[in-house]
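The values are calculated or read from the model by the stated rules, or taken from the named source; none is laboratory data. Being a predicted model, the structure only gives us computed values, none of them experimental. A quick note on method: Cβ atoms are made from the backbone with ideal geometry, for glycine too, and the neighbour counts reach across all protein chains shown. In case anyone asks, the SASA skips ligands and DNA or RNA and just uses the protein heavy atoms, side chains included. Shrake-Rupley method; radii C 1.70, N 1.55, O 1.52, S 1.80 Å.
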Amino acid sequence: MKLMYAFVIALFLGACSTLELSVGSALPDVNQTRSITVFALDNYTDTPQAGMRASNLIEGVLLAQGYTVVNAVSIQKTMFKEKLEFARQQGSEYFITGGVSEWRYKTGIDGEPAVSIHLKMIEVSSSHVVWNATASSNDWGNASIGTTAQSMIEAMFERE
């Protein structure tokens, strides 16, 4: 009987957290990459500074994976050409840009965190997108947006 209760609880808890992930191609090899400039993501939410918050987590995940990162989160570059030129001046091989389309707690009894992010890694020398990913995630009521977003970003940058 206890085994049945454990199964039902595990099934219930597993159903409370979801992750939808689409990744376009493999990440550049960490050992072959000079550096990546990370800009604040465009914020398409009602949450102030959601793009900066997500970019801060992106920087941390990339550093943990061994990449050299140039932090440009607080640099106000909005045009593609401005970002490209700044990354070039920093000696970066790539830069990351994208947007946050959801960064909130859902309304209701549980107040579940919900996060949606799109990322693009641009090669500075060619101006082409070399990697992209889109992910959306929600978690159960006692999780924070930060932990939900970090788990999602780690999944986005998972290397095979």
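Things to note:
- Test: residue in the range 35-58 that is assigned to a strand (DSSP E or B), of a type in the set (Asp, Glu) and open to solvent by less than 70 Å² (accessible area, probe 1.4 Å): yes
- If only residues of the range 121-142 that are crowded, with 19+ Cβ neighbours inside 10 Å and not aromatic (Phe, Trp, Tyr) are counted, the one that is modelled with the lowest pLDDT is 139.
- Complete set of residues in the range 17-34 that are over 15 Å from the mean Cα position of the chain (by Cα) and open to solvent by 40 Å² or more (accessible area, probe 1.4 Å): 17, 18, 25, 26, 29, 31, 32, 34
- Pairs where the first residue, in the range 74-103, is open to solvent by less than 80 Å² (accessible area, probe 1.4 Å) and of a type in the set (Val, Ile, Thr) and the second is modelled with pLDDT of 95 or more and in a loop (DSSP other than H, G, I, E, B), C-beta under 6 Å, 6+ apart: 100/41; 100/45
- Note on the range 104-143: residues that are of a type outside the set (A, V, I, L, M) and farther than 21 Å from residue 158 by Cβ amount to 15.
- When the range 61-73 is filtered for residues that are surrounded by fewer than 17 Cβ atoms within 10 Å (Cβ to Cβ) and touching a residue at least 40 places away in the same chain (Cβ under 8 Å), only 65 remains.
- Residue list for the range 83-92, restricted to those being more than 11 Å from residue 39 (Cα to Cα) and either at pLDDT below 95 or assigned to a helix (DSSP H, G or I) (or both): 85, 88, 89
- Residue-level check: of (1) within 17 Å of residue 62 (Cα to Cα); (2) surrounded by 18 or more Cβ atoms within 10 Å (Cβ to Cβ), residue 145 misses just (1).
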